[in-house]
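*Asks:* Dropping a structure here in structure tokens format, bear with me for questions.
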Amino acid sequence: MSAVENLDFPDYELRISRRARHLRIKVSPLGEVVVVIPAGMDPAMLPALLVKKRAWLQSVLQRLTERQRSAPASHSLCPDRIELVAIDETWQVEYTSQSKHKPTISIPDRRLILNVALSSRSNADHLRAWLQQRARQVLPAWLQRTSEEVGLPFTKVQIRGQKTRWGSCSSQGTISLNRNLLLLPASTVRYLFIHELCHTQHMNHSADFWQLVAEVMPDYQQHENRLRNATRRLPLWAYA
Ligand SMILES: [Zn+2]
């Protein structure tokens, strides 16, 4: 038995990185642990370093497990339904062995039929691809309407699956929107639109920028707060 096994350390994947300067531990939303070490580090140092991180890592994994246990079925990697809160649509998700590799989408009764034989990860990939498509159908026209209403034009819009941002605006006036916006309340999405549209005038978060946001949307602060907390409440399938 190696020294590392003796540590009672959770299972992990070891990666050697040329860019890393210190040991780093990454934990995915599903609890998968990756230990990254710098290329020059002597692996014999690993047990001593890991033992220092053990308590921290166990508490992170514990929190993840508790969160998954208390989450509703719609928030799991294999949800039973999907609530597109922004556009007031609920989709039922079914798992059968009759389904094709890709999900069958039944639009009239809002059903998504997934293949039960596929891994939950690959079904979640399909759900994200479907959400991307639905976001493309809905968000650009909605942004356009908001833009005309508040008189702040933009050049182009794209829908993406950013991990850490809800939206962004380039200096060319291209607005990128996160497909997961469909999972948030409509008023929060509207705020994000206004925020990005104001960036077409001010490419920063200066006082002038916030003043413009406040002019267009006086109660913006509560939406800004909601948006900041929203990532934590996303269903697992949407980001894991
Ligand atoms: Zn901003």
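*Asks:* Considering only the range 22-39, I want to know if a residue exists there that is exposed (fewer than 13 other Cβ atoms within 10 Å of the Cβ), in contact (Cβ under 8 Å) with a residue 40 or more places away in the chain and not in a helix (DSSP H, G or I).
*Replies:* Scanning the range 22-39, I find at least one residue that is exposed (fewer than 13 other Cβ atoms within 10 Å of the Cβ), in contact (Cβ under 8 Å) with a residue 40 or more places away in the chain and not in a helix (DSSP H, G or I), so the answer is yes.
*Asks:* Can Q144 be described as more than 15 Å from the ligand (Cβ to nearest atom), exposed (fewer than 15 other Cβ atoms within 10 Å of the Cβ) and either without any contact (Cβ under 8 Å) to a residue 40 or more places away in the chain or of a type in the set (A, V, I, L, M, F, W, C) (or both)?
*Replies:* Working: more than 15 Å from the ligand (Cβ to nearest atom): yes; exposed (fewer than 15 other Cβ atoms within 10 Å of the Cβ): yes; either without any contact (Cβ under 8 Å) to a residue 40 or more places away in the chain or of a type in the set (A, V, I, L, M, F, W, C) (or both): yes.
Against the criterion (more than 15 Å from the ligand (Cβ to nearest atom), exposed (fewer than 15 other Cβ atoms within 10 Å of the Cβ) and either without any contact (Cβ under 8 Å) to a residue 40 or more places away in the chain or of a type in the set (A, V, I, L, M, F, W, C) (or both)), Q144 qualifies.
*Asks:* Take the conditions away from the ligand (no atom under 14 Å from the Cβ), over 20 Å from L77 (Cβ atoms) and at pLDDT below 95 and apply them to I107. Does it pass? Walk me through it before giving the result.
*Replies:* Working: away from the ligand (no atom under 14 Å from the Cβ): yes; over 20 Å from L77 (Cβ atoms): yes; at pLDDT below 95: yes.
Yes; evaluated as a whole, the condition is true for this residue.
*Asks:* Go through the residues of the range 172-186 one by one and say whether even a single one is of a type in the set (A, V, I, L, M, F, W, C), surrounded by fewer than 16 Cβ atoms within 10 Å (Cβ to Cβ) and within 30 Å of E66 (Cα to Cα).
*Replies:* yes
*Asks:* P108: more than 22 Å from L227 (Cα to Cα), in contact (Cβ under 8 Å) with a residue 60 or more places away in the chain and either exposed (fewer than 14 other Cβ atoms within 10 Å of the Cβ) or under 16 Å from the mean Cα position of the chain (by Cα) (or both), yes or no?
*Replies:* Working: more than 22 Å from L227 (Cα to Cα): yes; in contact (Cβ under 8 Å) with a residue 60 or more places away in the chain: no; either exposed (fewer than 14 other Cβ atoms within 10 Å of the Cβ) or under 16 Å from the mean Cα position of the chain (by Cα) (or both): yes.
For P108, the condition - more than 22 Å from L227 (Cα to Cα), in contact (Cβ under 8 Å) with a residue 60 or more places away in the chain and either exposed (fewer than 14 other Cβ atoms within 10 Å of the Cβ) or under 16 Å from the mean Cα position of the chain (by Cα) (or both) - is not met.
*Asks:* Output the qualifying pairs, or none if there are none: Cβ atoms under 6 angstrom, residues six or more apart or on different chains, first residue in the range 177-205 and more than 9 Å from the ligand (Cβ to nearest atom), second residue of a type in the set (K, R).
*Replies:* Taking only residues 6 or more apart or on different chains, the pairs are T188/R226.
*Asks:* Additional query: Condition first: in the same structural domain as N123 (by TED's automatic domain parsing), assigned to a loop (DSSP other than H, G, I, E, B) and closer than 23 Å to P72 by Cβ. Can you find one or more residues in the range 210-227 that meet it? Lay out the reasoning, then the answer.
*Replies:* Step one: filter the range 210-227 for residues in the same structural domain as N123 (by TED's automatic domain parsing), giving 210-227.
From the residues that got through so far, the ones that are assigned to a loop (DSSP other than H, G, I, E, B) too are 217-219.
Going one step further and asking which of them are closer than 23 Å to P72 by Cβ, we end up with none.
Looking for residues that are in the same structural domain as N123 (by TED's automatic domain parsing), assigned to a loop (DSSP other than H, G, I, E, B) and closer than 23 Å to P72 by Cβ, one finds none in the range 210-227, hence no.
The values are calculated or read from the model by the stated rules, or taken from the named source; none is laboratory data. A quick note: this is a predicted structure, and the numbers were derived from the prediction, not measured. Please note: Cβ atoms are built from the backbone with ideal geometry, for glycine as well, and neighbour counts cover all protein chains shown.
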